[in-house]
1. With the Cα gyration tensor of segment 1-125 in hand, convert its eigenvalues to equivalent ellipsoid semi-axes via √(5λ) and list them largest first in whole Å.
2. List the trypsin sites (Lys or Arg not before Pro) within segment 163-261 that DSSP assigns to loop and that have no more than 15 neighbouring Cβ atoms inside 10 Å.
3. Going by C-beta contacts inside 10 Å, put Leu212, Leu25 in order with the fewest on the left.
4. Taking the Cα atoms of segment 146-203 alone, what are Rg (to one decimal) and Dmax (as a whole number) in Å?
5. Give me the dipole magnitude in Debye, nearest 20, for the chain about the Cα centre, with unit charges on the beta carbon: positive for Lys and Arg, negative for Asp and Glu.
6. In the P(r) worked out for segment 186-267, what percent of Cα pairs fall beyond 15 Å?
7. Enumerate the calculated ³J(HN,Hα) couplings along segment 109-116 in order (Karplus 6.51 cos²θ - 1.76 cosθ + 1.60, θ = phi - 60°), each rounded to whole Hz, writing x wherever the residue is Gly or Pro.
8. What are the ³J(HN,Hα) values, in whole Hz, obtained from phi via the Karplus relation 6.51 cos²θ - 1.76 cosθ + 1.60 with θ = phi - 60°, for each residue of segment 67-84 in sequence order, with x given for Gly and Pro?
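Readers should treat all values here as calculations from the given coordinates under stated rules, not as data from a laboratory. Everything numeric here is computed off the predicted structure, so don't read it as measured data. Because the Cβ atoms are built from the backbone with ideal geometry, glycine has one as well, and the counts that use them run over all protein chains shown.
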Amino acid sequence: MPQTRPWIGDPIWLADVLRAEGVDLVEYPGWRNRGHGDFKDIRGVMVHHTGSDHASAASIANGRPDLAGPLSQLHIARDGTVTVVALGVAWHAGVGMYPWLPANMGNWHLIGIECANSGTSPTAPHRTNWPDAQYFALVRCCAAINRRLAQNSSRTIGHKEYAGRAQGKWDPGAIDMDILRADIQARIGIIPHPAPTPRPPVPVGQYADILLFRGSEGPQVAELQRRLKYGYAAYAGHLVVDGIFGPQTEAAVREFQRRTRGLKVDGIVGPATAAALRLNVVQPQLLVAAES
Ligand SMILES: [Zn+2]
């Protein structure tokens, strides 16, 4: 019976679940003691290409003059050989964001997989220059890790989805992440009780002062109504944007909270609900201007 509990800390089971998935696995010397400190809760997998078809597992373990290794936990060669090079945190994700990750914290929440591949080009069709052996080893690795963590394949992301073009990241190149995720999901099968999707901590700085409830009035209430009306038209499309927090606004807030995991259903918009809504915060000076 595979274990599927959520996991906090270093993935000491990594080699075992990969071998159980039928992966051709090599344990790089010292991998259990390699890493830049300990993981927090492991929320998923991030896929990369190395930029060269010939980058070795040793180069991932040891790093470069400008960046100390490990640069990921796993390396996949073009012949499909998977090498586990580190158990602890690796420098692979860098800065970026994704809905279920705290901003810029990917390294502490994602197991990184570096595939020895040039990536071909940012616009190359899916699996151009990805040998079957390498691609299906990647699918197996992601499936084994996601399943062990009771996650569906939505928890495997590409570096390009997190860091994006703004930072010049397009890896893994020639991989359509949606197709990859479909292939991974087919291999995972059905997860009976998927781990709940975590929310990043509330960005207190931005939302700390938000507190709206029945009877509140003003531009911030109007902004809330606008967000609900146009973002959640299915149940809030009828709202009138009048800046007055009445029964209908409260009902829409409750419905939003009911549908959003982790929120208390109280009809009050505090920092957590405001963050989940990605509410546009009306600046105090604008409030003054609007009110004067
Ligand atoms: Zn990358």
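1. Details: eigenvalues 85, 68, 48 Å².
Three semi-axes, in Å: 21, 18, 16.
2. Working: sites: Arg165, Lys169, Arg181, Arg187, Arg214, Arg226, Arg227, Lys229, Arg254, Arg258, Arg259, Arg261; in loops: Lys169, Arg214, Arg261.
When the trypsin sites (Lys or Arg not before Pro) of segment 163-261 are filtered for loop state and at most 15 Cβ neighbours within 10 Å, Arg214, Arg261 remain.
3. Numbers: Leu212 23, Leu25 18.
Ranking Leu212, Leu25 by Cβ neighbours within 10 Å, fewest first, gives Leu25, Leu212.
4. Considering segment 146-203 through its Cα atoms, Rg and Dmax are 13.5, 38 Å.
5. Numbers: 29 positive and 25 negative charges, 94 e Å.
With Lys and Arg at +1 and Asp and Glu at -1, about 460 debye.
6. On the way: 2138 of 3321 pairs.
Result for the distance tail: 64 percent.
7. 10, 10, 7, x, 10, 9, 9, 5
8. 8, 5, x, x, 9, 5, 8, 10, 10, 10, 7, 5, 8, x, 5, 9, 10, 8
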